[in-house]
Amino acid sequence: MEQIERALRKSREQRRTAVGHQNGTAAKIRLTPAATHTQTRCVSLAPSLLDAHRVVSAAVHHPVTDVYRSLRAQVLQALNARDKTTIGITSANHGEGKTLTAVNLAIAMAMDVNHNVLLVDADLRNPGVATCLGLEATLGVSDYLTGDATIADCLVHPRIERLTVLPARNRIGNSAELLASPQMVHLARELKERYADRLIVYDLPPILTVGDAIGFLPTIDATLLVVRDGATRVPDLNRALELLGGYNLIGTVLNGVP
Ligand SMILES: Nc1ncnc2c1ncn2[C@@H]1O[C@H](COP(=O)(O)OP(=O)(O)OP(=O)(O)O)[C@@H](O)[C@H]1O
Ligand SMILES: [Mg+2]
């Protein structure tokens, strides 16, 4: 994996914006009261399922929890420095750890008492957030996009304080068109305006495999690229970095390091 590390180092040097180069906490982020969930469907998560799915950020004692806390600090600092609130998690190809990173990052952010967080599953063709959290999505982004539900109908509060989830209930075949569609852009704008006090984390599709993510990137403030140790090929990494370069890439996450 030396090649990957070299490519990552080079991209960081070129951009000088990589998350890994940020230190400290987000001093300028506004303090906000915890969001209320009076109308939101509440669902309790099963600790055994979270554990089985490697969702560890809510755990008090877990060797990997600190890694996500550190990622949180760096992401918050990068967002804060740009006065931004929305971030998309993507990768070059399938299965490189986007959903796991998005879920753990969102929970880690919500565990910080200063932040209300909305986690949105925007991988409409291959939704994974609900499964990763072990919750059943009765309504989701697709129902909103087809006009069968309001945003409020789709939101779930997983009984983790300050965290709200907007799942994607089922696969949508033509998601490439839908993700970059005016309805989806409208959804992103609406979420940002309506939940102005929240940080919004989007779990995106892979950037090289389908056109979805690229079309949606202009609507979000920042992106984070997940790279899987032993899986992401260097040419794919370079191509993904190239594509994301124009869309506020704030850094990379090296996932699955032994
Ligand atoms: N660091 C890791 N260690 C072990 N397993 C991992 C790690 N990261 C991800 N996985 C596992 O690999 C699989 C793919 O991870 P995940 O769903 O997060 O990737 P993804 O990029 O969202 O995939 P997709 O493109 O299919 O949506 C999952 O089963 C997940 O639990
Ligand atoms: Mg996924």
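The values are calculated or read from the model by the stated rules, or taken from the named source; none is laboratory data. Here the structure is a predicted model, which is why all the values come from computation and not from measurement. Every residue, glycine among them, receives a Cβ derived from its backbone with ideal geometry; neighbour counts consider all protein chains shown.
Worth pointing out:
- Which listed residue is free of Cβ contacts under 8 Å to residues at least 12 places away in the same chain and more than 13 Å from ligand 2 (Cβ to nearest atom), from Ala78, Ala59: Ala59
- Residue check, Asn126 in contact with a Leu (Cβ under 6 Å, 6 or more places away or on another chain), at pLDDT below 95 and either within 9 Å of ligand 1 (Cβ to nearest atom) or of a type outside the set (Ser, Thr, Tyr) (or both): no
- Region 230-252: number of residues that are closer than 11 Å to Thr90 by Cβ and in a strand (DSSP E or B): 2
- Enumeration of residues in region 38-83 that are touching a Leu at 6+ places or on another chain (Cβ under 9 Å) and basic (Lys, Arg): Arg41, Arg54, Arg72
- Scanning region 90-130 for residues being out of contact with any strand residue (DSSP E or B) (no Cβ under 9 Å at 6 or more places or on another chain) and more than 20 Å from Val227 (Cα to Cα) gives a total of 5.
- For the residues His37, His94, the requirement of being surrounded by fewer than 24 Cβ atoms within 10 Å (Cβ to Cβ), out of contact with any helix residue (DSSP H, G or I) (no Cβ under 8 Å at 6 or more places or on another chain) and at pLDDT 90 or above singles out His94.
- Condition check for Val141: under 16 Å from the mean Cα position of the chain (by Cα) and over 23 Å from Ala52 (Cβ atoms): yes
- The residues in region 180-218 that are part of a helix (DSSP H, G or I) and closer than 23 Å to Thr40 by Cβ can be counted, and the count is 11.
- On the stretch given as region 60-81, residues that are in a loop (DSSP other than H, G, I, E, B), touching a Ser or Thr at 6+ places or on another chain (Cβ under 9 Å) and either polar (S, T, N, Q) or more than 15 Å from ligand 1 (Cβ to nearest atom) (or both) total 0.
- Positions within region 98-132 being more than 8 Å from ligand 2 (Cβ to nearest atom), assigned to a loop (DSSP other than H, G, I, E, B) and within 13 Å of the chain's Cα centre (by Cα), in sequence order: Ala122
- For region 233-247, a tally of residues being in contact (Cβ under 8 Å) with a residue 60 or more places away in the chain and under 19 Å from the mean Cα position of the chain (by Cα) returns 5.
- When residues in region 173-223 are screened for being within 16 Å of ligand 1 (Cβ to nearest atom), small (Gly, Ala, Ser) and surrounded by 21 or more Cβ atoms within 10 Å (Cβ to Cβ), 2 of them pass.
- Asp83 away from ligand 2 (no atom under 16 Å from the Cβ) and on the phi > 0 side of the Ramachandran plot: yes
- Residue in region 154-161 that is within 28 Å of His62 (Cα to Cα), in a loop (DSSP other than H, G, I, E, B), touching a residue at least 40 places away in the same chain (Cβ under 8 Å) and under 15 Å from the mean Cα position of the chain (by Cα) present: no
- If you check Asp221, Asp197 for being more than 30 Å from Val257 (Cα to Cα), touching a strand residue (DSSP E or B) at 6+ places or on another chain (Cβ under 8 Å), more than 16 Å from ligand 2 (Cβ to nearest atom) and among the acidic types (Asp, Glu), only one passes: Asp197.
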